[in-house]
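**Student:** There's a structure below that I have some questions on.
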Amino acid sequence: MQKLSFGKIGFSKAMSNKWIRVDKSYEGGPRIFRTVESIEDQVREKLLLVKQGNAAQLDEKEKNELKKRKLLAEVTVKSYWITKGSSFSTTITKQEAELTPEMIATGSWKEKKFKPYNFEAMGVAPNCGHLHPLMKVRTQFRQIFLEMGFSEMPTNNFIESSFWNFDSLYQPQQHPARDQHDTFFLSDPALAHEFPLEYLERVKKVHSEGGYGSQGYKYDWKMEEAQKNILRTHTTAVSARMLYKLAQQEKFTPVKYFSIDRVFRNETLDATHLAEFHQIEGVVADKDLTLGHLMGVLHQFFTKLGITKLRFKPAYNPYTEPSMEVFSYHEGLKKWVEVGNSGVFRPEMLLPMGLPEDVSVIAWGLSLERPTMIKYGINNIRELVGHKVNLQMVYDSPICRLDS
């Protein structure tokens with residue numbers, strides 16, 4: 001029986017309905033015994049109802065059971081009634097879309113059929129340029145800084161001397177960030193020669209001997225190392241120049257600076273790192289600023305970006321003390337992610353410039369690429385910048401509106 005195509009199904013159903021039983025202990029092997037006098041085949045009765053056109057008498061559960069066993073198939077039959085319309089014709093006539101001068105001159109427009117004019121239709125989009133997603137997000141960040149009363153720093157000097165990029169920030173000359181595997185050094189011109197000499201001597205002294213309440217790094221500071229030209233590794237080099245310029249004023253005035261521009265680092269290329277990227281930086285200089293002021297400004301800044309849940313974690317930077325990493329709670333990822341770095345510039349950096357002792361400078365920075373990738377759903381930074389950029393993506397990307 002089990003060899004028949006329907007035998008296995010029939011045996012299974014008979015057992016489940018308790019029409020038969022199996023005695024495995026029977027002498028000579030398992031035997032099957034009948035347990036009921038008569039069998040009422042409900043499946044057959046249901047199928048007969050369907051055959052007779054009374055399928056409506058079955059409930060959905062019964063229909064689904066029969067469909068599952070492939071005993072029943074439900075088919076929807078649609079019928080249409082076709083009649084002649086008011087514009088019925090046995091020939092195809094092309095409707096005109098435009099009224100031409102020739103039609104008016106010859107009077108042929110009277111015999112033409114015109115398409116109805118759709119006043120709701122969109123016009124053809126004019127050919128025009130399109131902003132890259134990075135530039136759209138940059139514009140939004142720039143607007144936020146301007147709303148907060150910040151002034152933009154000039155950042156058009158991609159080539160910077162090691163002095164302004166590192167030494168002026170109280171970063172020692174033996175720091176790993178100054179090695180060739182992290183920084184791009186120029187071969188022509190290899191050295192810079194123009195420096196404010198009095199300021200340079202003060203920087204040299206605070207590095208090698210200490211001063212301003214610091215013992216310094218106690219090493220032999222070399223002029224030839226400070227002269228090396230590089231592609232700037234951060235826009236903080238621009239901040240250093242601006243703060244030195246501020247210190248040369250006869251009377252100190254509080255300032256708020258910001259910059260958004262490219263920086264360069266000799267990093268391994270992957271889905272989240274490029275050798276060239278954009279840094280966003282904010283700097284506030286005023287008397288008696290504290291870490292509390294920094295946290296307050298950060299809360300105001302990130303709130304304008306739509307980020308309200310912030311956490312701060314102690315960190316280390318050569319030129320800020322105290323320093324903090326800024327974390328935000330990402331609702332999509334359901335976890336805290338790093339969104340920036342911040343700190344208070346050290347006296348060893350500020351006092352050699354000539355700033356008053358009671359002036360403090362707070363600063364923070366973040367990348368432009370990370371929020372852009374999150375905003376536009378891009379997982380690989382090489383699809384945002386470089387030769388793999390899809391120009392259609394630039395064309396189709398919507399206007400940036402950071403949630404606030």
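**Student:** If the requirement is being without any contact (Cβ under 8 Å) to a residue 12 or more places away in the chain, in a helix (DSSP H, G or I) and not hydroxyl-bearing (Ser, Thr, Tyr), which of these qualifies: Leu66, Leu49?
**Tutor:** Being without any contact (Cβ under 8 Å) to a residue 12 or more places away in the chain, in a helix (DSSP H, G or I) and not hydroxyl-bearing (Ser, Thr, Tyr) holds for just one of Leu66, Leu49, which is Leu49.
**Student:** For a quick check of your reading: which helices (runs of 4 or more DSSP H) sit entirely within the range 292-404 and have at least 3 residues that are open to solvent by less than 40 Å² (accessible area, probe 1.4 Å)?
**Tutor:** Working: elements: 347-350, 369-376, 391-396.
Because the criterion is at least 3 residues that are open to solvent by less than 40 Å² (accessible area, probe 1.4 Å), the helices (runs of 4 or more DSSP H) in the range 292-404 that meet it are 347-350, 369-376.
**Student:** Does Glu74 count as outside any loop (DSSP other than H, G, I, E, B) and surrounded by fewer than 11 Cβ atoms within 10 Å (Cβ to Cβ)? Write out each step before concluding.
**Tutor:** Working: outside any loop (DSSP other than H, G, I, E, B): no; surrounded by fewer than 11 Cβ atoms within 10 Å (Cβ to Cβ): yes.
In short, no.
**Student:** Here's a follow-up. Residues that are open to solvent by 40 Å² or more (accessible area, probe 1.4 Å): which helices (runs of 4 or more DSSP H) entirely in the range 80-186 hold 2 or more of them?
**Tutor:** Fully inside the range 80-186 and qualifying: 101-106, 133-147.
**Student:** Taking only the range 197-237 into account, find how many residues are within 42 Å of the chain's Cα centre (by Cα), assigned to a loop (DSSP other than H, G, I, E, B) and either hydrophobic (A, V, I, L, M, F, W, C) or within 19 Å of Phe345 (Cβ to Cβ) (or both).
**Tutor:** Summing the residues that are within 42 Å of the chain's Cα centre (by Cα), assigned to a loop (DSSP other than H, G, I, E, B) and either hydrophobic (A, V, I, L, M, F, W, C) or within 19 Å of Phe345 (Cβ to Cβ) (or both) in the range 197-237 gives 6.
**Student:** Related question: It is to be established whether one or more residues within the range 247-270 are among the hydrophobic types (A, V, I, L, M, F, W, C), surrounded by fewer than 19 Cβ atoms within 10 Å (Cβ to Cβ) and assigned to a helix (DSSP H, G or I).
**Tutor:** Checked against the condition, which is being among the hydrophobic types (A, V, I, L, M, F, W, C), surrounded by fewer than 19 Cβ atoms within 10 Å (Cβ to Cβ) and assigned to a helix (DSSP H, G or I), the range 247-270 yields at least one hit.
The values are calculated or read from the model by the stated rules, or taken from the named source; none is laboratory data. Not measured: the values here are computed from a predicted model. Heads up, the Cβs are rebuilt from the backbone with ideal geometry, glycines too, and the neighbour counts pull from every protein chain shown. Protein only, heavy atoms only, side chains kept; ligands, DNA and RNA dropped before computing areas. Shrake-Rupley method; radii C 1.70, N 1.55, O 1.52, S 1.80 Å.
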